[in-house]
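Inspection log for the structure reproduced underneath, given as structure tokens.
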Amino acid sequence: MTAAAQERAMTGRVEGTVFVQDSQGRSYVAGAKIVLSGTKTLEAKTDQEGKFAIVGIAVGTYTISAQAPGLEGAEAVTVKAGTVTHIALQLKPSQIKSSVTVTETAPQISGPSSAQTISSQTVAIAPNPNERVESLLPLIPGVVRGPDGRINMKGTRNTQSGALVNSANVTDPGTGSPGLDVPIDVVASVQVISNPYDPQYGKLTGAVSSIDTKTGNYEKFHFSIQNLLPRARVREGTVCGIGAATPRLTFTGPVIEDRIAFTQSIEYRFVRTPVNSLPPFQRDMTLQSVNSYTQFDLNLTDKQTATVSFADYPQKLQYMGLNTFMPQPSAPDYHQRGYQLYVQHRYATGTQSLLTSQFSYKTFDADITPNSSGPYQLLVETTEGGFFNMQARRSSRFDWLETYQFAPRHFWGTHQWKIGLNYAHSSYDARQAFMPVEIIGVSGAPIERISFSAPGSSSIDQNELAWFLSDQWIPLPRLTLDLGLRFDRDSITDSTHVAPRAGFQLALTRDAKTLLKGGAGLFYDRVPLMIPSFPALPDRTVSLLDASGQVTASTFYVNQIEGKLRNPRSAAWNLALSRQIIQGLTVQIGYEWRKTTGDFVVAPAACSGSCVMSLSNRGNQSYRELQISGRYQFRRHMLNAAYVRSRVYGDLNDFFQFFGNVPKPVIQPDGYGRLSFDAPNRVLAWGEFKGRWKLTIVPVYDLHTGFPYSVQDVFRDYIGPRNTKRFPQFASLDLQVLRPFSIPMRNKHIKGRAGFSVFNLFNHFNPRDVQTIAESPRFGQFFNDAWREYRGKLVFGF
């Protein structure tokens with residue numbers, strides 16, 4: 001008998017199903033998280049049929065628990081040598097626990113935080129126009145895709161939110177924006193946490209998105225492939241080449257059975273995204289990328305497990321920022337290169353205590369280049385010439401995180417303590433050049449010229465140190481308190497900040513079907529490394545021109561940081577009440593408030609003679625949200641619905657709209673008003689319905705107030721208050737229909753899914769561009785409608 005066979009004979013295996021029970025019988029739960037706790041801690045996830053299996057378990061008695069959004073369940077199980085133990089685990093609505101189980105994944109968010117999760121089942125079947133993880137985030141109330149195409153979570157700009165993959169920071173050190181796109185096939189779940197009261201989460205002033213990847217298969221090989229057929233590009237009723245080709249391949253299986261599992265996913269993306277208001281053959285923004293993700297999962301000993309991953313994500317985006325008023329010759333190209341190496345080691349020091357060590361190293365390089373060398377000119381109706389900015393950025397970050405979760409202590413209730421230490425070193429090297437810009441008046445003659453000094457370069461290093469302590473305290477069976485304290489040290493601002501946080505969850509009824517939760521805390525944001533490089537960027541001279549093109553007045557602006565840089569800070573609190581009305585139906589009403597100070601804003605300072613273009617921490621921002629939501633699960637169907645009433649105000653001269661990936665040449669005085677992604681009223685509904693002929697139908701309906709915009713004159717100066725006009729109301733019904741199939745092949749079956757998607761089913765007018773120049777004959781007209789689109793879906797699995 002081999003050593004592996006002897007080991008299997010000395011261990012056991014647990015197999016089972018996870019289900020919910022209602023008046024119609026059992027419904028099996030896909031994507032539920034399974035945790036086996038005892039002398040060894042192991043985890044798994046249920047498949048689409050609600051099944052799971054855990055192998056290599058030492059003989060003994062364990063607690064096996066399962067969790068799904070709003071549901072949980074747990075039972076004791078005895079494992080015997082060389083046998084398979086079967087279990088059927090029923091999930092019930094979440095209740096406050098009287099004990100805490102340590103898992104081998106990143107620490108879970110405590111109840112008081114406003115956290116919502118998208119499961120792997122939803123990731124696999126929801127309509128997704130780009131088939132990227134971030135495209136699914138708007139399924140969460142309070143998360144919208146703004147007018148610039150970026151994701152804004154819970155009233156924050158794209159650069160103010162956190163982004164984690166397997167609890168590792170994946171933001172770009174230079175800009176603070178998310179900088180890693182994981183292939184969607186390896187995603188186990190996506191969570192958005194607004195105001196995370198767990199002090200492990202820092203470097204943000206709003207929300208954080210957290211992606212967990214799937215654990216590799218330790219027992220058998222699995223292979224899936226999809227999107228083999230490209231989509232045609234249709235222009236004026238004629239097929240004109242390829243519109244998109246996005247093949248994906250994912251493989252997982254054992255390297256050493258029960259010991260080492262391997263996962264490899266790779267996708268190639270060639271996507272042409274049209275701007276429908278431009279000429280038919282000059283309207284495409286073209287993306288080419290290769291996204292590779294490799295992961296090893298290791299069972300080292302009964303008490304130690306580890307995960308090692310490597311991600312590579314080069315891409316080229318041609319005509320970035322293309323819109324109705326910026327045609328292809330004037331839009332820049334964007335080249336991105338980078339990789340991430342990640343290692344996490346988990347050591348169960350006891351039955352309910354865990355030491356986690358995590359290391360990651362990430363690079364993120366970006367180049368921005370014009371498409372032509374002609375002078376950049378801003379006309380009333382369009383833009384001409386080559387883009388005015390060139391960038392070459394090189395950045396990297398090393399992260400080291402240690403956390404220790406203690407076993408529960410019992411005095412005045414139950415305490416679950418956790419401590420942690422996080423060190424990060426980031427570096428940034430960049431060179432930027434700005435070419436002259438001319439503003440062309442209604443007559444067709446130049447009326448203003450903006451010229452720049454010689455190209456600038458910068459090299460910056462940053463060291464960040466954080467340490468934190470938290471206690472989940474259960475003084476009473478129906479009350480849970482989450483208390484946390486975080487300290488942050490930043491070498492850029494040469495400051496140390498203390499961020500206390502606290503939350504609670506209270507069961508108002510004995511059956512725990514009515515829950516009240518809330519919390520409050522302080523949060524300190526990171527300083528993206530492009531910020532301290534501001535004085536090294538080229539200075540500018542703004543000149544007014546007469547009808548003959550001669551300079552009549554000229555102002556020189558030197559870039560200068562006003563005072564000492566500080567880390568932006570936000571104070572936030574939330575309160576929510578939830579109630580299980582009937583079996584399967586839970587409703588919730590919640591309110592969230594946040595005030596951010598110390599935002600980075602850029603504006604010309606009042607002057608005489610030589611002037612200053614000032615970067616300061618004077619920016620403020622506020623967010624209010626009232627959310628009413630519900631989830632109804634009946635038979636095999638599920639429906640989510642929410643209404644969100646919100647408002648987001650703030651200073652409008654955010655640094656990254658003038659010096660980010662697509663900078664603007666004209667910098668006006670700062671103003672305060674509704675931010676560009678403010679949508680005061682939003683109705684969101686989506687669900688999963690099982691139809692006849694094994695059909696799965698997933699509709700998503702999104703209705704919200706149009707985004708605000710400002711009126712400008714021909715000089716691009718604002719007329720009247722900013723952001724008081726609005727786009728038309730946005731409404732879209734997206735639909736995906738899927739059916740499983742099986743093809744016999746020798747002694748096996750090829751399984752898969754086939755179906756189709758429709759986006760904007762009713763072809764509602766959803767424009768993305770508006771003419772804001774008051775002197776234009778098309779002033780106030782909207783363009784670039786998101787037309788109805790059809791997509792096919794075909795997935796093969798072996």
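The values are calculated or read from the model by the stated rules, or taken from the named source; none is laboratory data. Fair warning: this is a prediction, and the values are worked out from it, not measured in the lab. Methodologically, a virtual Cβ is constructed for each residue, glycine included, from the backbone with ideal geometry; neighbour enumeration extends over all protein chains shown. Side chains included, ligands, DNA and RNA excluded: accessible areas come from the protein's heavy atoms. Shrake-Rupley method; radii C 1.70, N 1.55, O 1.52, S 1.80 Å.
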Under 5 Å between amide hydrogens, which residues at least 5 positions from residue 389 or on another chain qualify, with H placed 1.01 Å from N in the peptide plane? 435
Rounded, prolate or oblate: pick one for the range 577-720, where a ≥ b ≥ c are the square roots of the eigenvalues of its C-alpha gyration tensor, a/c under 1.5 means rounded, and failing that, prolate if a/b is larger than b/c, else oblate. prolate
Looking only at aspartates and glutamates whose Cα falls under 14 Å of residue 362's and that sit 8 or more positions away or on another chain, we get 172, 181, 312, 399
Farthest toward positive dipole pole in the chain [+1 Lys/Arg, -1 Asp/Glu at C-beta], among 699, 452, 518: 699
How many angstrom lie between the C-alpha centres of the range 763-792 and the range 562-635? 29 Å
Mind ordering 143-152, 436-445 by average Cβ neighbours within 10 Å, highest first? 143-152, 436-445
Leaving out ligands and nucleic acids, note down the accessible area per residue over the range 134-183 with a 1.4 angstrom probe, in whole Å². 20 Å²
In Å, the Kirkwood hydrodynamic radius of the range 127-281 over pairs of distinct alpha carbons? 18.0 Å
At a probe size of 1.4 Å, how large is the accessible area of residue 516, to the nearest 10 Å²? 50 Å²
Counting only DSSP beta bridges with both residues in the chain, tell me the antiparallel percent, nearest 5. 95 percent
When the Kirkwood radius is taken over all Cα pairs of the chain, what Stokes-Einstein diffusion coefficient follows at 37 °C and 0.692 mPa s, in µm²/s? 117 µm²/s
Please give every one of the lysines within straight-line cross-link reach of residue 595, meaning a C-alpha to C-alpha distance under 18 Å, and leave out same-chain neighbours fewer than 8 residues apart. 154, 203
Quick one: 3J(HN,Hα) in Hz for the range 636-642, Karplus 6.51/-1.76/1.60 with θ = phi - 60°, rounded, Gly and Pro as x. 9, 10, 8, 9, 10, 8, 8
Quick one: Karplus J couplings for the range 31-37, per residue in order, coefficients 6.51, -1.76, 1.60, θ = phi - 60°, nearest Hz, x for Gly and Pro? x, 6, 8, 10, 10, 9, 10
By residue number, which cysteines of the chain lack any other Cys whose Cβ falls under 4.7 Å from their Cβ? 240
Which order do 645, 726, 248 take when ranked by solvent-accessible area (1.4 Å probe, heavy atoms of all protein chains), largest first? 645, 726, 248
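Just the number please: accessible area per residue for the range 552-649, 1.4 Å probe, all protein chains included, in Å². Please list the in-between numbers first.
On the way: 4660 Å² over 98 residues.
Result: 48 Å² per residue.
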First compute the accessible area of the chain with a 1.4 Å probe, then give the percent of it belonging to carbon and sulfur atoms. 58 percent
How far apart, in nm, are the 7 Å Cα→Cβ label points at residue 579 and residue 749? 4.6 nm
Which one of 760, 720, 792 has its Cα pushed farthest toward the positive end of the charge dipole of the range 703-798, where Lys and Arg give +1 and Asp and Glu give -1 at the Cβ? 792
When all protein chains stay in place, what accessible area (Å², nearest 10, 1.4 Å probe) is found for residue 187? 0 Å²
Using a 1.4 Å probe on the protein heavy atoms only, what accessible surface does residue 251 show? Give it in Å² to the nearest 10. 60 Å²
Please give, to one decimal in nm, the separation of the simple spin-label points placed at residue 411 and residue 372, each 7 Å out from Cα toward the Cβ. 7.6 nm
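Calculate the dipole size of the range 567-696 relative to its Cα centre from +1 charges on Lys and Arg beta carbons and -1 charges on Asp and Glu beta carbons; express the result in debye to the nearest 20. Spell out each step's value before the answer.
Details: 17 positive and 8 negative charges, 191 e Å.
Around 920 debye, computed over the range 567-696.
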Please give the per residue volume of the convex hull enclosing the alpha carbon atoms of the range 139-227, rounded to a whole number of Å³. 140 Å³
Please list, in order along the range 140-154, the HN-Hα scalar couplings obtained from phi with the Karplus expression 6.51 cos²θ - 1.76 cosθ + 1.60 (θ = phi - 60°), rounded to whole Hz, x for Gly and Pro. 9, x, x, 10, 10, 8, x, x, 8, x, 8, 7, 10, 9, 6
Taking a cut-off of 24 Å between Cα atoms, list the lysines near residue 51, but don't count ones fewer than 8 places away on the same chain. 33, 40, 80, 92, 214, 220, 690, 694, 748, 751
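Among 687-694, 646-653, 699-706, what's the highest-first ranking by average C-beta atoms within 10 angstrom per residue?
Working: 687-694: 12.1, 646-653: 20.9, 699-706: 18.2.
Averaged packing, sorted descending, gives the order 646-653, 699-706, 687-694.
Whenever you get a sec, line up 637, 425, 749, 415 from highest to lowest accessible area (probe 1.4 Å, protein heavy atoms). Mind dumping the intermediate values first?
Numbers: 637 35, 425 60, 749 105, 415 15 Å².
From most exposed to least exposed: 749, 425, 637, 415.
Just to confirm, what accessible area per residue do you get for the range 667-798 at 1.4 Å probe, in whole Å²? Intermediate values should be presented prior to the final figure.
On the way: 6780 Å² over 132 residues.
So the range 667-798 comes to 51 Å² accessible per residue, rounded to a whole number.
Ranked by accessible surface with a 1.4 Å probe, highest first, in what order do 623, 557, 361 come? Could you put the intermediate results ahead of the total?
Details: 623 10, 557 40, 361 85 Å².
Solvent-accessible surface, decreasing: 361, 557, 623.
If I take every Cα pair under 8 Å that is 6 or more residues apart in the chain, average their sequence separation and divide by the length, what percent do I get for the relative contact order?
Details: 2341 pairs, mean separation 72.0, N = 798.
Across the chain, relative contact order equals 9 percent.
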Considering the dipole of the chain built from charges on the beta carbon (Lys and Arg +1, Asp and Glu -1) around the Cα centre, which of 124, 383, 503 is farthest to its positive end? 124
If each of residue 235 and residue 705 carries a label point 7 Å out from its Cα toward its Cβ, how far apart are those two points in nm? 4.0 nm
Long-range amide H partners of residue 213, meaning residues 5 or more apart or on another chain whose placed amide H is closer than 5 Å, are 166, 188
What shape does the range 418-481 take by its C-alpha gyration tensor, where a ≥ b ≥ c are the square roots of the eigenvalues and a/c under 1.5 counts as rounded, a/b above b/c as prolate, and the rest as oblate? oblate
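Once you have the Cα-Cα distance between residue 564 and residue 681, take 0.36 nm times their residue separation minus that, and quote the gain in nm to one decimal. Mind dumping the intermediate values first?
Details: separation 117, 0.36 × 117 = 42.12 nm, distance 3.85 nm.
Residue separation times 0.36 nm, minus the Cα-Cα distance, leaves 38.3 nm.
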